[in-house]
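The values are calculated or read from the model by the stated rules, or taken from the named source; none is laboratory data. Quantities reported herein were computed from a predicted structural model and do not represent experimental measurements. Ideal geometry is used to build each Cβ from the backbone, glycine not excepted, and the neighbour counts take in all protein chains shown. Just the protein is used for accessible areas: all its heavy atoms, side chains included, with ligands, DNA and RNA removed. Shrake-Rupley method; radii C 1.70, N 1.55, O 1.52, S 1.80 Å.
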Amino acid sequence: VYHTPELTPTDQVPDCAIVLDILRATTTIATALNAGAEAIQAFSDMEKLMQVSEQWPPEKRLRAGERGGAMVAGCDLGNSPLDCTPERVQGRRLFISTTNGTRALQCVQNAPIVLATAFINRLATVKYILAQQPETVWFVGSGWEGSFSLEDTACAGAIAHSLQEKLDVPLNELAGNDEVIGAIALYSQWKDQLLQLFHHASHGKRLLRLDCHEDLKYCAQTDILDVLPIQKEPGVLVKA
Ligand code: MLT
């Protein structure tokens, strides 16, 4: 588990990187693909997003920009998964740039498999890992500007816990992997109260100050979408 893009090694790549930004980028990406977006193109840089999306016909594109939790002026959307309805996103490419989540995607874009995961599509991720059996898997939590985040770590724990159960791996076989053991413990403590966990989290509190209560409720649901965003080319995610 790497808690932030800043802590993620740049001189190695895993077989599979699972990028987590529960509040809210990876929840939004999964929701948009489930609602019929043709692809998601992620950018860490807002100017680059504007340049590249300019080459697409306006009726085929949607620009989603978030900084500090708020929508970026000039974009069609912020980063609320609740805005990604079929009416808005069907058949369109979503160009997205967010404070941390799209940077996390960028820092592992050279891995052969890159997945975007949240609680809402946890099971789809677990099923994919069980089917593909990649040898090395990294969880990359987006965090907040270099800091640890509770919600991304808990989701890493949720996936690891499920894999551990399904593969029948005793906890002592994970000995030495402090981060995964810690993530599983965090998830086990909060699994029935994820919304409350988000209320304790620093970014959860930031979003609550921005009146995003409904977003938190949506992001706290587990296994509601059978969709798995997977990188098709650097920065571009489609349904697996
Ligand atoms: C991020 O990338 O930091 C987030 O997704 C922020 C947000 O909640 O919009």
Practice task
Identify all residues within the stretch 80-111 that are within 13 Å of the ligand (Cβ to nearest atom), open to solvent by 10 Å² or more (accessible area, probe 1.4 Å) and of a type in the set (S, T, Y); write none if there are none.
Solution key: S80, T99
Fill in the blank from the handout: Pairing a residue in the stretch 217-240 that is more than 30 Å from K205 (Cα to Cα) with any residue that is open to solvent by 40 Å² or more (accessible area, probe 1.4 Å) and in a loop (DSSP other than H, G, I, E, B), where Cβ atoms lie under 7 Å and the two sit 6 or more apart in sequence or on different chains, gives Q231/Q109; P234/Q109
Exercise for the section: Kindly indicate the residue of the stretch 33-74 that is closer than 27 Å to W144 by Cα and basic (K, R) and also surrounded by the most Cβ atoms within 10 Å (Cβ to Cβ) among those meeting that condition. Expected result: R63
Problem - Where L77 falls short, out of the listed (1) surrounded by fewer than 16 Cβ atoms within 10 Å (Cβ to Cβ); (2) touching a Leu at 6+ places or on another chain (Cβ under 9 Å) - result: (1)
Practice task
Would you mention how many residues in the stretch 150-167 are out of contact with any strand residue (DSSP E or B) (no Cβ under 6 Å at 6 or more places or on another chain) and open to solvent by less than 30 Å² (accessible area, probe 1.4 Å)?
Solution key: 8
Fill in the blank from the handout: If we keep only residues of the stretch 129-142 that are over 14 Å from L167 (Cβ atoms) and either open to solvent by 10 Å² or more (accessible area, probe 1.4 Å) or free of Cβ contacts under 8 Å to residues at least 60 places away in the same chain (or both), then the residue nearest to the chain's Cα centre (by Cα) is F139
Fill in the blank from the handout: Within the stretch 42-63, the residues that are under 21 Å from Y218 (Cβ atoms) and in contact with a Ser or Thr (Cβ under 7 Å, 6 or more places away or on another chain) are A42
Handout entry: Positions within the stretch 200-240 being more than 30 Å from R92 (Cα to Cα) and open to solvent by 80 Å² or more (accessible area, probe 1.4 Å), in sequence order
Key = H200, K205, R209
Practice task
Could you tell me whether any residue of the stretch 168-180 is open to solvent by less than 30 Å² (accessible area, probe 1.4 Å), over 23 Å from T99 (Cα atoms) and touching a residue at least 12 places away in the same chain (Cβ under 8 Å)?
Solution key: yes
Exercise for the section: Could you tell me whether the stretch 114-121 includes any residue that is among the polar types (S, T, N, Q), within 14 Å of the ligand (Cβ to nearest atom), without any contact (Cβ under 8 Å) to a residue 60 or more places away in the chain and crowded, with 24+ Cβ neighbours inside 10 Å? Expected result: no
Handout entry: helices (runs of 4 or more DSSP H) contained entirely in the stretch 129-240, each with at least 3 residues that are of a type in the set (D, E, K, R)
Key = 150-166, 202-209, 213-219
